[in-house]
Amino acid sequence: MYTTMIRSISDRQLEIIEAAGKILTASGLSGLTIKNLAKEMKFSESAIYRHFESKEEIILTLLEYLAKDMEDRFLRVITEEQSTEEKFITIFKSQFSFFTENPHFVVAVFSDGLIEESQKINEKIIRIMSVKMKHLMPIIKEGQNENIFTNSVSTEDLLNIVMGTFRLQIFKWRVANFDFDIRIKGDHMIESLLILIRNKSN
């Protein structure tokens with residue numbers, strides 16, 4: 001049942017998970033109740049239940065939607081014709097643009113309180129992380145094989161450094177109440193990362 005629902009998510013369901021993302025980003029898991037969600041959307045609580053059976057189902061749908069969006073987006077924007085560095089830049093530019101347009105979905109980066117909520121939610125959080133790793137790790141590895149990126153550090157450690165830096169940048173944007181252009185700061189972050197991970201002998 002759940003898988004079928006994800007494949008055919010309606011416009012109304014999308015509105016509900018967007019509203020849920022706003023509440024999660026602003027107030028964390030404790031703030032996400034069906035009552036608060038109905039208030040945010042100016043719906044009755046029964047109207048929410050017509051689309052989702054539970055709060056958990058809403059969160060699962062939100063996380064699955066974000067994982068699928070990221071997968072589809074990366075497949076669309078990353079091409080074989082791009083150089084290794086262009087692929088690296090494209091992944092992060094795509095993420096910064098997405099969050100600029102959808103700041104309420106930064107919960108996908110931090111998952112505040114969600115990890116302790118249920119095993120099903122944990123699996124969806126891992127799915128989001130694995131999508132990014134699946135696309136980013138081969139790019140880093142390719143760069144190392146071509147001696148563009150340093151081989152002094154393992155691919156896995158470079159991946160952790162890069163993803164951790166991205167997460168910190170998004171965190172700073174969030175605590176600043178999204179008060180600066182994350183795309184401009186993101187461009188600086190990307191260039192700094194490339195300076196750090198490039199093979200210095202080239």
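The table below gives the values:
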item: Residue match in region 65-80 (condition: β-branched (V, I, T) and touching a Leu at 6+ places or on another chain (Cβ under 9 Å)); result: no
item: Scan of region 71-94 for residues that are touching a residue at least 12 places away in the same chain (Cβ under 8 Å), assigned to a helix (DSSP H, G or I), open to solvent by 10 Å² or more (accessible area, probe 1.4 Å) and not charged (D, E, K, R), ordered by number; result: V77, I89, T90, S94
item: Qualifying residue in region 121-136 (condition: farther than 25 Å from I58 by Cβ, among the β-branched types (V, I, T) and open to solvent by 30 Å² or more (accessible area, probe 1.4 Å)); result: no
item: Of all residues in region 95-110 being open to solvent by less than 10 Å² (accessible area, probe 1.4 Å) and over 20 Å from M189 (Cα atoms), the one that is modelled with the lowest pLDDT; result: V107
item: Region 184-202, residues that are open to solvent by 90 Å² or more (accessible area, probe 1.4 Å) and part of a helix (DSSP H, G or I); result: I184, K185, H188, I195, L196
item: Any hit, region 25-45, residues being of a type in the set (S, T, Y), farther than 23 Å from V162 by Cβ, exposed (fewer than 13 other Cβ atoms within 10 Å of the Cβ) and free of Cβ contacts under 8 Å to residues at least 40 places away in the same chain; result: yes
item: Tally of residues being closer than 14 Å to L194 by Cα and surrounded by 18 or more Cβ atoms within 10 Å (Cβ to Cβ) across region 159-183; result: 3
item: Among (1) over 18 Å from F88 (Cβ atoms); (2) of a type in the set (S, T, Y); (3) in contact (Cβ under 8 Å) with a residue 24 or more places away in the chain; (4) in contact with a helix residue (DSSP H, G or I) (Cβ under 9 Å, 6 or more places away or on another chain) - the single one T150 does not satisfy; result: (1)
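The values are calculated or read from the model by the stated rules, or taken from the named source; none is laboratory data. This is a predicted model, so every value here is computed, not measured. Neighbour counts run over all protein chains shown; Cβ positions are idealised from the backbone, glycine included. Side chains included, ligands, DNA and RNA excluded: accessible areas come from the protein's heavy atoms. Shrake-Rupley method; radii C 1.70, N 1.55, O 1.52, S 1.80 Å.
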